[in-house]
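Trainee: Here it is: the structure, laid out below.
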Amino acid sequence: MSPRRPSVNEEMRRRSRERLLRATIELVEERGYEATTLAEIAERAGAARGLVSYYFPGKRQLLQSATHRLMHLELAAALEREPRTADGHELLARAVDCVLGLPVRHPVLMRAHMAGILQAEGFVECPEQQRLAVLLRDSIVAWGSADPEQDYRMLRALLMGAVFALLIPGAPMPLARLRAELFQRYGLRWELGVPPDQAGEAPSLT
């Protein structure tokens, strides 16, 4: 039997890695971070336990990569949904709404993810995070940024802060208020993107 071509091996590695990332999301959302083990993730993904360590240094890094992959896929879908648009304000509004909606759609996962960022390992710049960064940076460029790199970093910081505020146990900030603050900062009309209440109006900021 002839050896597999490098491109075939690369595709197999890519698929194995993605199965691990999907399994991580599923199990953390079902059981929580602490109750999920690397062995269970490997079993759910149909992979050998050693394969997890081959791709990821530990469970925290695996969770961050898995969450960044989910965020990238959801953001890409939001930006490309119908009706397709090249309007920079609409694209940035969709990006903001997608990220603000993550704690609503995935509260258990996002709490574990944000808690992990504050641990000693810190923020993981994995391939999935880099794909997410490209989409956010492209959104700020389409909006009309004169300094895309700095404006991307500010947007990322503001969105992370808003997600933290939405997840604070017992004292979460209202999503509509956080959205209104961000939309005001970037000069976005309330009706752009996906307003929290399609029939509602922007809350007063005064």
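Trainee: Just flag the GluC sites (Glu not before Pro) in region 67-128 sitting in loop per DSSP whose Cβ has no more than 12 other Cβ atoms within 10 Å.
Mentor: E125
Trainee: Which angle from 0 to 90°, rounded to the nearest 10, does the C-alpha axis of helix 127-143 make with the longest principal axis of the chain?
Mentor: 20
Trainee: For E10 and E30 in the same chain, what is the full-extension length gain: residue separation times 0.36 nm, less their Cα-Cα distance, in nm? Present the calculation step by step, with values, prior to reporting the outcome.
Mentor: On the way: separation 20, 0.36 × 20 = 7.20 nm, distance 3.05 nm.
Contour length minus the Cα-Cα distance gives 4.2 nm.
Trainee: Could you work out how far helix 88-105 tilts from the main Cα principal axis of the chain, as a 0 to 90 degree angle to the nearest 10?
Mentor: Helix 88-105 sits roughly 60 degrees off the main axis of the chain.
Trainee: Is the chain best put as rounded, prolate or oblate by its Cα gyration tensor, with a ≥ b ≥ c the root eigenvalues, rounded for a/c under 1.5, and otherwise prolate when a/b is larger than b/c, oblate when not?
Mentor: Taking the square roots of the gyration eigenvalues as a ≥ b ≥ c, the chain is prolate.
Every number here is computed from the coordinates shown, using simple stated rules; none is lab data. As the structure is a prediction and not an experimental result, all values here were calculated from the model. Every residue, glycine as well, gets a Cβ built from its backbone with ideal geometry; the counts of neighbours run over all protein chains shown.
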